[in-house]
Amino acid sequence: MKIKFNPLAAVALTGAVALTIAGCSSEESEDEATASATASAAEATVEDDAMEDESMEAEGLPESLTLALVPSDEVDQITTDGEALAQSLSAELGVDVEVFVPESYSAVVVALQTGQADIGFLGPIAMVQAEDVAGAEIVLQAVRYGSSEYVGQWLTSDPGTFCLDDIVTEADDEGVNYSYCNGATGGSGPAGEEALALVDPESTIAFVDESSASGYYFPATQLAEIQGLDPLTDFSAAMFAGGHPQAVQAVYDGDAAVGISYNDARGDLAEEFSDIGEEVVVFAYTSNIPNDGVVVSGDLSDDAKSQITDGLMAISQTEEGAAALDAVYNIEGLEAANLDAFENTVRPVEQNFGDQG
């Protein structure tokens, strides 16, 4: 606003008014600036708080997690046992944990790839595949009998053909007898490989599952190398039994000339078939294989992965958690995954089979 004065008015009055207007204008400007600065600071604080909340949410655990388990036993039983494991993990992490049991190893990998699962318990081959295909991270390995390694075992109900030396029979703590030959005892391989030259590749071989390390990848590779065959094309009558106990039973029932399982899956059927440990003889071992274990989704934050890994380790050391792990997969404990073993032992065998999907 512009004010006009009478040119005859006193100069002093003009100066006084000018000073008054200037003073008011300055005070108003300072007040407005202060208010504006206060508002801006408040807005910045709100924005910073929102960004911090979003950052904390991104780094923390989601509201719920899905735990995927491979069906190495009856699905209903695995689900029941898995729910006990999920409850222990849920209590440790403070979030809901749901159980998902698909039809196969590969289905767990797909679930991790498509966001249907956050945590997967898998065999070593499937763990490598989950890393490659789904971007999952290998974090833990199972411990059994004090070891994080195991072997695949070759089984027969025809020891006269495949046992090149005397059968050795040993009783377990429950008094159940188990028979071995060709030095395939003690759980460390390879052993009995000379007897694998006697396996007819056109006979019925009971493998476990097309994604199983000890039940397919390692023994098929071993047999192919000994006989100079292609593991994908030269076992024309091979069958997939669907699980380790099923492969053992196929040999026991006479439905397969030889079979494969982890050591010692015969124990899973000993209560039902008391003589299975003697009727089904272990005659060869594969080389040592890293135990099955745990992978976590690559979509989770690093903080979430760490919390899940630490949570599983923590419950493995509790009475309830240890019982749940034992019930699900006969796991005695968990330890950090030996990534070198997966890279140098598992991956080369997995690559022999290429893309079977």
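Of the peptides 132-140, 60-68, the ranking by mean beta-carbon count within 10 Å, highest at the top, reads 132-140, 60-68. Taken over the stretch 149-290, the convex hull of the Cα atoms encloses 92 Å³ per residue. Model label points for E271 and D326, set 7 angstrom from Cα along the Cα-to-Cβ axis, are 1.3 nm apart.
Taking θ as phi - 60° and the Karplus parameters 6.51, -1.76 and 1.60, the scalar couplings of the stretch 152-166 work out to x, 10, 8, 10, 8, 9, 10, x, x, 8, 9, 8, 8, 9, 5 Hz in sequence order, x denoting glycine and proline.
What ranking do 256-263, 143-150 get when scored by the average of other Cβ atoms within 10 Å per residue, highest first? Walk me through the numbers on the way to the answer.
On the way: 256-263: 27.1, 143-150: 16.9.
The most tightly packed comes first, giving 256-263, 143-150.
Placing pseudo-labels 7 Å out from each Cα toward the beta carbon at V75 and D166 gives an inter-label distance of 4.8 nm.
Using the Kirkwood formula over every pair of different C-alpha atoms, what hydrodynamic radius in Å results for the stretch 290-357?
Values: mean 1/r = 0.0713 Å⁻¹.
14.0 Å is the Kirkwood radius here.
Here each label is just a point 7 Å from Cα along the line to Cβ, and for S203 and L339 those points are 4.4 nm apart. Translational diffusion coefficient, Stokes-Einstein: compute it for the stretch 217-327 using the Kirkwood radius over C-alpha pairs as Rh, at 25 °C and 0.890 mPa s, and state it as an integer in µm² s⁻¹. Rounded, D is 142 µm²/s. Remark on the stretch 191-264: Rg and Dmax equal 11.1, 30 Å (Cα only).
Read the figures in this text as sums done on the coordinates, not as results from a lab. This is a predicted model, so every value here is computed, not measured. Backbone-built Cβ (ideal geometry, glycine too); neighbour counts: all protein chains shown.
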